[in-house]
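Structure first, then comments.
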């Protein structure tokens, strides 16, 4: 089964970005960094979503990210589906931290249960078909609104699709954007570019 081994964020200053991510999220193998000066403006069409077990962990990760230099896009709050918040890293990447739980069962642990690459697409059904053809397995699907693919192993990044305007609204940013996504996905597959311009690279 095709799966995501890691995602690479393309940043202006890898050393500065590494310092931020070490302080904010303590991310290791799933998220990599490399230098890029590719032109990019506005919304890049994706977010990296971190799922945690309870609101205390959302608060802890968001507070740590803000202290490390992130900008708040959506303050943490309760919603129908749970509790979460959205921040933008100094390199421009948007991060969402959320939980489906509405009450704490203990102190914050700092544990990230799941990492999801959520990309905004023009046509969810068409992109879902494309990714199925590339060997990904659909785990959840809600018509033309949302699709999520299974990860081969628990610690791997999941891929999910959402209509681009809806994703921008959910993240609290304008939908406008152009140029590079500043993102590359490394997977157990041959290299390809998806219908919305997201680049996949084959793992070594």
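Descriptive notes on the structure:
- Unique match (being farther than 18 Å from residue 117 by Cα and either part of a loop (DSSP other than H, G, I, E, B) or touching a residue at least 24 places away in the same chain (Cβ under 8 Å) (or both)) among 98, 15, 49, 67: 67
- Scope the range 10-32; condition farther than 20 Å from residue 67 by Cβ and crowded, with 20+ Cβ neighbours inside 10 Å; matching residues: 10
- When each of 140, 169 is tested for being within 17 Å of residue 81 (Cβ to Cβ) and either in a strand (DSSP E or B) or touching a strand residue (DSSP E or B) at 6+ places or on another chain (Cβ under 6 Å) (or both), the lone residue that passes is 140.
- Among the residues of the range 171-195, those identified as in contact with a helix residue (DSSP H, G or I) (Cβ under 7 Å, 6 or more places away or on another chain) and within 30 Å of residue 76 (Cα to Cα) are 174, 175.
- Which numbered condition residue 84 misses (of (1) farther than 19 Å from residue 170 by Cα; (2) in contact with a helix residue (DSSP H, G or I) (Cβ under 8 Å, 6 or more places away or on another chain); (3) buried (at least 20 other Cβ atoms within 10 Å of the Cβ)): (1)
- Options 110, 106: the member that is under 28 Å from residue 17 (Cβ atoms), modelled with pLDDT under 95 and outside any strand (DSSP E or B): 110
- Residue count for the range 70-95, restricted to those that are in a strand (DSSP E or B) and either under 15 Å from residue 49 (Cα atoms) or touching a strand residue (DSSP E or B) at 6+ places or on another chain (Cβ under 8 Å) (or both): 15
- Boolean, residue 97 is within 21 Å of residue 154 (Cβ to Cβ) and either at pLDDT 95 or above or surrounded by fewer than 18 Cβ atoms within 10 Å (Cβ to Cβ) (or both): yes
Conditions (1) more than 27 Å from residue 122 (Cβ to Cβ); (2) at pLDDT 95 or above; (3) assigned to a loop (DSSP other than H, G, I, E, B); (4) in contact with a strand residue (DSSP E or B) (Cβ under 7 Å, 6 or more places away or on another chain), marked per residue:
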{"residue": "6", "(1), (2), (3), (4)": "no, no, no, yes"}
{"residue": "9", "(1), (2), (3), (4)": "no, yes, no, yes"}
{"residue": "28", "(1), (2), (3), (4)": "yes, no, yes, no"}
{"residue": "44", "(1), (2), (3), (4)": "no, yes, yes, yes"}
{"residue": "56", "(1), (2), (3), (4)": "yes, yes, no, no"}
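- So residue 121, is it more than 18 Å from residue 200 (Cβ to Cβ), in contact (Cβ under 8 Å) with a residue 24 or more places away in the chain, within 17 Å of the chain's Cα centre (by Cα) and crowded, with 21+ Cβ neighbours inside 10 Å: no
The values are calculated or read from the model by the stated rules, or taken from the named source; none is laboratory data. Just so it is clear, the model here is predicted, and its values are computed rather than measured. In this analysis, Cβ positions are derived from the backbone assuming ideal geometry, glycine residues included, and neighbour counts consider all displayed protein chains.
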